[in-house]
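Worksheet: the structure to be examined is printed underneath.
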Amino acid sequence: MFWKNRTAFVTGATGFVGAHIVRFLVEKGAKVVCLQRDTVRANSLDIFDLRRRVTVIQGAVEDFALMTRILNEYEIDAVFHLAAQALVGAANRSPLSTFESNIRGTYCLLEACRMSETVARVVVASSDKAYGSHKTLPYQEDFALQGLFPYDVSKTCTDLIAQSFATTYQLPVTITRSANIYGAGDLNLSRIIPGTILSVLNGERPIIRSDGSPVRDFIFAEDIARAYLLLAERIEETRGEAFNFGSGEPIQMLDLVEKIVRLMGQETELPPIVMLKSKIEREIDAQYLASDKIFARFGWKPATNLEVGLQRTIEWYRSNLNLIS
């Protein structure tokens with residue numbers, strides 16, 4: 001009953017993870033206000049048929065006046081900040097727009113939260129990318145944040161800004177650092193999991209745009225959405241802290257793609273194409289997280305292992321191919 005009639009504001013609600021959080025909030029009886037920057041033909045909020053059940057406001061998270069108006073006008077209690085330029089490749093091509101949305105957007109929203117009389121809990125999405133490159137793995141929450149490439153830097157800054165507001169102004173904000181998220185409704189088909197699934201469904205060999213050696217961690221979207229709600233509900237115990245959310249199943253990209261192809265029964269007919277023979281510049285070789293802290297504190301662990309999560313994701317894309325093609 002925690003969320004019954006409680007007001008929540010979700011930035012990035014039309015994105016993949018944001019839409020899952022909105023879905024959970026709506027199902028739990030919350031009154032949800034969503035921020036939408038661009039009007040696009042298909043987005044995750046519409047794919048989950050949530051628009052009619054929430055209030056959608058057009059605008060940018062960098063618009064401080066708009067953030068202040070939303071928080072005050074709708075008497076927002078909980079804020080989930082996910083609005084960001086979320087693609088690493090796009091960040092490398094266009095760092096300025098990435099810094100504007102990911103860094104400026106964060107401090108504008110948090111300053112509006114600081115001035116609000118109703119906001120009681122804020123969850124800010126950082127990322128495993130905020131850690132940058134470390135020789136020791138998995139990442140622990142006390143590791144230095146040392147992103148170097150544009151997307152990584154934007155998340156390092158987002159993380160530190162949130163910590164600054166918590167420390168300086170006692171803002172009730174907590175931070176998520178999650179692994180790569182996958183599951184139903186991801187329309188960024190350049191990402192490796194939906195891109196591979198779509199290729200196989202279309203009878204095409206999936207393409208690995210690297211040498212296949214990078215190691216990453218993947219966590220199911222429903223698991224991370226529940227984690228966001230947990231942190232918000234326990235804000236008195238989580239304020240000012242960051243928490244890692246990973247699966248504990250790091251995997252090489254080539255192995256991941258081969259696993260998806262095998263689960264789809266096409267390992268013989270559609271083996272992956274590995275584009276490069278050497279590692280990509282501006283890409284970290286291995287990134288994965290330890291989730292010991294959140295388990296020790298609250299008993300949280302992912303409910304969905306990689307194989308089951310991939311199977312569920314494959315079935316969703318197979319059933320909804322008409323919505324995304």
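Rule-based calculations on the coordinates, nothing more; no lab input. All values derive from a computational prediction rather than experimental measurement. No Cβ is skipped: glycine too gets one built from the backbone with ideal geometry, and neighbour counts run over all protein chains shown.
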- Query: With the dipole of the chain worked out from charges on the C-beta (+1 for Lys and Arg, -1 for Asp and Glu) around the Cα centre, which of 224, 59, 192 lies farthest toward the positive end?
  - Reply: 59
- Using a ≥ b ≥ c from the Cα gyration tensor of the range 121-189 (square roots of the eigenvalues), is it rounded, prolate or oblate, where a/c under 1.5 gives rounded and otherwise the larger of a/b and b/c decides, a/b for prolate? oblate
- Message: Springs between alpha-carbon pairs under 10 angstrom, Gaussian network model over the chain: which of 196, 158, 39 fluctuates most?
- Response: 39
- What does the helix-only formula give at 222 nm for the chain: each DSSP H stretch with n ≥ 4 adding -39500 (n - 2.57), the total divided by the residues, and the result rounded to the nearest 500 deg cm²/dmol? -11500 deg cm²/dmol
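Are there GluC sites (Glu not before Pro) in the range 47-94 that DSSP marks as loop and that have at most 13 other Cβ atoms within 10 Å, and which are they?
75
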- Relative to the first principal axis of the alpha-carbon coordinates of the chain, what is the inclination of helix 306-319, with its axis defined by its Cα atoms, in degrees from 0 to 90 and to the nearest 10? 90
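State to the nearest 20 debye the size of the charge dipole of the range 96-192 about its Cα centre, where the only charges are +1 on K and R beta carbons and -1 on D and E beta carbons.
Values: 8 positive and 9 negative charges, 20 e Å.
In debye, rounded to 20, the range 96-192 gives about 100.
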- Item | Angle between the chain longest axis and helix 16-27 axis [Cα atoms, degrees, rounded to 10] | 50
- Message: As I understand it, the value is the acute angle between the Cα axis of helix 221-233 and the longest principal axis of the Cα atoms of the chain; what does it come to in degrees, rounded to 10?
- Response: 20
- Only Lys, Arg, Asp and Glu count, each charged at its Cβ (+1, +1, -1, -1), so figure out the dipole size of the chain about its Cα centre, rounded to 20 debye. 380
- Query: Given (i) 60, 44, 39; (ii) 58, 44, 33; (iii) 53, 51, 38 as candidate values of Cα extents along the principal axes in Å, which corresponds to the one derived from the coordinates?
  - Reply: (i)
- Task: Can you find, among 303, 320, 271, the residue farthest towards the positive end of the dipole of the range 259-325? Put +1 on the C-beta of Lys and Arg, -1 on that of Asp and Glu.
- Result: 303
